[in-house]
Amino acid sequence: VRHADEQGRSFRQRQAVVQCLRDSSITAIIGGHHRTSEECTRRAVAVNRSDEIRPELERELGAALTQINELSAGRDLMIRALQTFEARGDRLGAGRTLDDIGCLHLRTGELERARDSLSRAVALLTELGVPSLLARPYHNLGLVEKTLGHLDSAYDHHMSALAIHLSAGDSRRASLAHDALGNLTRVMGRQADTMAHYQEALRLAREGGYRN
């Protein structure tokens, strides 16, 4: 990256570096190295010269900052990215950013704001027909509704997330969805359903070789 700056690389070369940094950030997230992810994304923002992907990079950096507890800075970046996406009429970008903002509100206990952001994310992503991006906001809406005491609504949201994971053949996330449903149905007093969800979560986890 430093060499690219010093040598005045072409626009195409600089954007290739940006993509490498974004890929490295994702790899770091998978490995649980959130500060490394933030550093890679911050460098990508510095190298980038494309106005087209600028709000997406701001969204990614904002999300990365929240993972290292820089919540205010992360929120500001994500809100700025959302405003740009909305001004452009970019529903996919807006939907993904609303999902990230909703996650942040859930984390900080701002439940009504979380529900608003996540509901808007679900509406936009449903219109666009991208189920792969719907599972997380559905799951988090389930957590919000459970905390607010709206258990039937929470169950519906968690079931929606589960259906997406099963359709995608994602046994790890399906296992986690069953676990969330087990926790919820236990609160609801549905003991038979609780056992069924926990057993299915354990079966999927074992099949996939997941220790946790």
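One line per residue, one yes/no per condition, for (1) open to solvent by 20 Å² or more (accessible area, probe 1.4 Å); (2) among the acidic types (Asp, Glu); (3) touching a residue at least 24 places away in the same chain (Cβ under 8 Å); (4) assigned to a loop (DSSP other than H, G, I, E, B):
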{"residue": "Tyr138", "(1), (2), (3), (4)": "yes, no, yes, no"}
{"residue": "Gly142", "(1), (2), (3), (4)": "no, no, yes, no"}
{"residue": "Tyr155", "(1), (2), (3), (4)": "yes, no, yes, no"}
{"residue": "Ala180", "(1), (2), (3), (4)": "no, no, yes, no"}
{"residue": "Asp193", "(1), (2), (3), (4)": "yes, yes, no, no"}
{"residue": "Tyr210", "(1), (2), (3), (4)": "yes, no, yes, yes"}
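With respect to the numbered conditions (1) assigned to a helix (DSSP H, G or I); (2) open to solvent by 20 Å² or more (accessible area, probe 1.4 Å); (3) of a type in the set (Gly, Ala, Ser), which one is the sole condition not fulfilled by Ala161? Ala161 satisfies every listed condition except (2). Being modelled with pLDDT under 95, assigned to a helix (DSSP H, G or I) and open to solvent by less than 40 Å² (accessible area, probe 1.4 Å) is a condition met by at least one residue of the stretch 169-177. Just to be sure I understand the filter: pairs with C-beta atoms under 6 Å, separated by 6 or more residues or on different chains, first member in the stretch 16-37 and under 11 Å from Ala64 (Cβ atoms) and of a type outside the set (S, T, N, Q), second member open to solvent by less than 50 Å² (accessible area, probe 1.4 Å) and not in a helix (DSSP H, G or I). Which pairs pass? If the second residue must be open to solvent by less than 50 Å² (accessible area, probe 1.4 Å) and not in a helix (DSSP H, G or I), the pairs left are His34/Ile68; Arg35/Ile68.
Taking the stretch 20-46, which residues are in contact with a Leu (Cβ under 7 Å, 6 or more places away or on another chain) and not hydroxyl-bearing (Ser, Thr, Tyr)?
Just the residues of the stretch 20-46 that are in contact with a Leu (Cβ under 7 Å, 6 or more places away or on another chain), to begin with: 38, 40-45.
Glu38, Cys40, Arg42, Arg43, Ala44, Val45 - these are the residues of the stretch 20-46 that are in contact with a Leu (Cβ under 7 Å, 6 or more places away or on another chain) and not hydroxyl-bearing (Ser, Thr, Tyr).
When Gln67 is tested against (1) at pLDDT below 95; (2) under 30 Å from His150 (Cβ atoms); (3) out of contact with any Asp or Glu (no Cβ under 8 Å at 6 or more places or on another chain), just one condition goes unmet, and that condition is (3).
Checking Leu125, Leu118 one by one, the residue that is closer than 26 Å to Leu65 by Cβ, crowded, with 21+ Cβ neighbours inside 10 Å, free of Cβ contacts under 8 Å to residues at least 60 places away in the same chain and out of contact with any His (no Cβ under 9 Å at 6 or more places or on another chain) is Leu125 and no other. Would you be able to say whether some residue in the stretch 76-91 is touching a His at 6+ places or on another chain (Cβ under 6 Å) and in a helix (DSSP H, G or I)? No, the stretch 76-91 has no match at all. The numbered conditions (1) out of contact with any helix residue (DSSP H, G or I) (no Cβ under 6 Å at 6 or more places or on another chain); (2) open to solvent by 50 Å² or more (accessible area, probe 1.4 Å); (3) not hydrophobic (A, V, I, L, M, F, W, C); (4) not in a helix (DSSP H, G or I) are all true for Arg49 except (1). For the stretch 82-114, the set of residues classified as within 15 Å of the chain's Cα centre (by Cα) and open to solvent by 60 Å² or more (accessible area, probe 1.4 Å) consists of Leu92, Arg96, Arg107, listed by residue number.
The values are calculated or read from the model by the stated rules, or taken from the named source; none is laboratory data. Model, not experiment: these values are computed from the prediction. Methodologically, a virtual Cβ is constructed for each residue, glycine included, from the backbone with ideal geometry; neighbour enumeration extends over all protein chains shown. In case anyone asks, the SASA skips ligands and DNA or RNA and just uses the protein heavy atoms, side chains included. Shrake-Rupley method; radii C 1.70, N 1.55, O 1.52, S 1.80 Å.
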